[in-house]
Amino acid sequence: MCKKIINKLLNNEFKKILLLIYKTYFDKPIINFYKTNYKKNVLISYIKYPFIKWVNYSHTNNIEAISIWEVFNKLWYNVDIVNYDYEWKINYEKYNIIFWFWEPLENSFYINSNNIKIFYWTWMNICDNNYNTISRIKEVFNKFNIYMIESGRIIMKPLFLQTTLVDAIICMWNNTITNSYKKYYNWPIYNIPVTYYETLNYKDRLNNFNYTENKINFLWFWSSWLIHRWLDILIELFKKRTDLNLHICWPVDNEIKFKNLYNEEMYNTNNIFTHWFVNIKSDIFNEIVNKCTYVIFPSCAEWEPSAIINLMSIWIIPIATENSWINLELWIKIDSISYHDILKSIDYALSLSNSDIIKKSKLCAKNTLKRNNIKNYKYILKNNLIDIIKD
């Protein structure tokens, strides 16, 4: 972000000076974070933030990043960390492994070195992702004659080398995601679950939970790219279904065209409640989730979203498209991404008896707590890495 601002505002000479300062003092890699003296080195290209300010609760990538660094340390690697957008010179010959994604991994292919290259990515293959999200943008354009580019999730920077030439890929435990890579990649693909933060105890949440009243309350708890994630269709649907309530948790005003188009519905409709960013450690989060039985998340290209996993760990049932989840016992499936099928899935959710809802909620929480806990995440990651290194 700093580099973008510098590039935009300043003339060339002053820009060079500031970029040099930024490179030297702010963007420099963290070298041997654990101060170990092992024989092997790994370069991890992702985010330095959790090591500088420790974990925040805006996204589970904080705790996942720290866990990855810990696992490499336990495998006897000295750990160097660099931001994923680091563009400066790197001595790749130093490293036995280059891990994660973006510039540092992509640039490593231009150096004649024998290190193991591992691509770690949570999203669907870029080709499939971009095709699906652009299709949605076209659909909205045909409807309103507006291109909402910023509300689609378009990955502008190609990652073709690191999705085709690496020694291994690690991606989310989702068949749709895995298959999107298999079309272009013939080497090993390993899977790993998304983890969650422990916030509410699901048993505490249930003490005052009224299933009869709360089954009409649905939660959209996600992040950017509102067209990509079909919030436009949900708003249109809930505007008509005044017997139901929709809680939207994200600063939707950040996507101006979307906000302008749906401002009336989001802020002046009796059954649609638009909240800003909601921290999962906040009182407002507790208040909202204690009203909602279901979280609904249609998407045209997704992974296993950590925001949804957090909600599933506290007994909230997901209503989802197939590319967002894999365990049919835990969710209510949206057959295809259309107004009709989303409505069909909502009506099915409403038809469930209280005992069916409790059974599905309990199974959802039980499986999520077992499968997606951070201890299991580390265990699976470690086994994946051992297998990759061995081969």
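The values are calculated or read from the model by the stated rules, or taken from the named source; none is laboratory data. Note that the coordinates shown come from a computational prediction; the quantities given were computed from them, not determined experimentally. All Cβ positions, glycine included, derive from the backbone under ideal geometry; neighbour counts span all protein chains shown.
The table for this structure:
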read-out: Test for I134: is it without any contact (Cβ under 8 Å) to a residue 40 or more places away in the chain and either buried (at least 19 other Cβ atoms within 10 Å of the Cβ) or not assigned by TED's automatic domain parsing to the domain that holds T60 (or both); value: yes
read-out: Output for segment 270-292, where each listed residue is part of a loop (DSSP other than H, G, I, E, B), among the polar types (S, T, N, Q) and either more than 19 Å from T60 (Cα to Cα) or under 16 Å from the mean Cα position of the chain (by Cα) (or both); value: N270, N271, N279, N290
read-out: Qualifying position, being among the charged types (D, E, K, R) and more than 18 Å from the chain's Cα centre (by Cα), among E304, E265; value: E265
read-out: Conditions (1) part of a helix (DSSP H, G or I); (2) in contact (Cβ under 8 Å) with a residue 40 or more places away in the chain; (3) closer than 30 Å to T176 by Cα; number of the one not met by K257; value: (3)
read-out: Boolean, K183 is more than 23 Å from A301 (Cα to Cα), surrounded by fewer than 21 Cβ atoms within 10 Å (Cβ to Cβ) and free of Cβ contacts under 8 Å to residues at least 60 places away in the same chain; value: no
read-out: Residue among N327, N367, N383, N354 that is over 18 Å from I280 (Cβ atoms) and modelled with pLDDT of 95 or more; value: N383
read-out: Residue satisfying all of: in segment 234-253; assigned to a loop (DSSP other than H, G, I, E, B) and modelled with pLDDT of 95 or more; nearest to H59 (Cα to Cα) among these; value: L244
read-out: Total residues in segment 228-242, condition touching a Leu at 6+ places or on another chain (Cβ under 8 Å) and free of Cβ contacts under 8 Å to residues at least 60 places away in the same chain; value: 2
read-out: Boolean, T176 is within 16 Å of the chain's Cα centre (by Cα) and closer than 26 Å to E139 by Cβ; value: yes
read-out: Qualifying residue in segment 142-156 (condition: under 27 Å from F51 (Cα atoms), surrounded by fewer than 20 Cβ atoms within 10 Å (Cβ to Cβ) and either within 17 Å of the chain's Cα centre (by Cα) or assigned by TED's automatic domain parsing to the domain that holds L43 (or both)); value: yes
read-out: Test set (1) hydrophobic (A, V, I, L, M, F, W, C); (2) under 27 Å from N279 (Cβ atoms); (3) surrounded by fewer than 21 Cβ atoms within 10 Å (Cβ to Cβ) - W100 fails condition number; value: (3)
read-out: Test: L161 is within 29 Å of F51 (Cα to Cα), at pLDDT 90 or above and part of a helix (DSSP H, G or I); value: no
read-out: Residue among E139, E236 that is in the same structural domain as N354 (by TED's automatic domain parsing) and over 18 Å from P318 (Cα atoms); value: E236
read-out: Condition broken by I272, with the remaining ones in (1) in contact with an Asp or Glu (Cβ under 8 Å, 6 or more places away or on another chain); (2) without any contact (Cβ under 8 Å) to a residue 40 or more places away in the chain; (3) among the β-branched types (V, I, T); (4) over 17 Å from V295 (Cα atoms) satisfied; value: (4)
read-out: Selection within segment 195-225 - under 18 Å from C300 (Cα atoms) and modelled with pLDDT under 95; value: F221, W222, S223, S224, W225
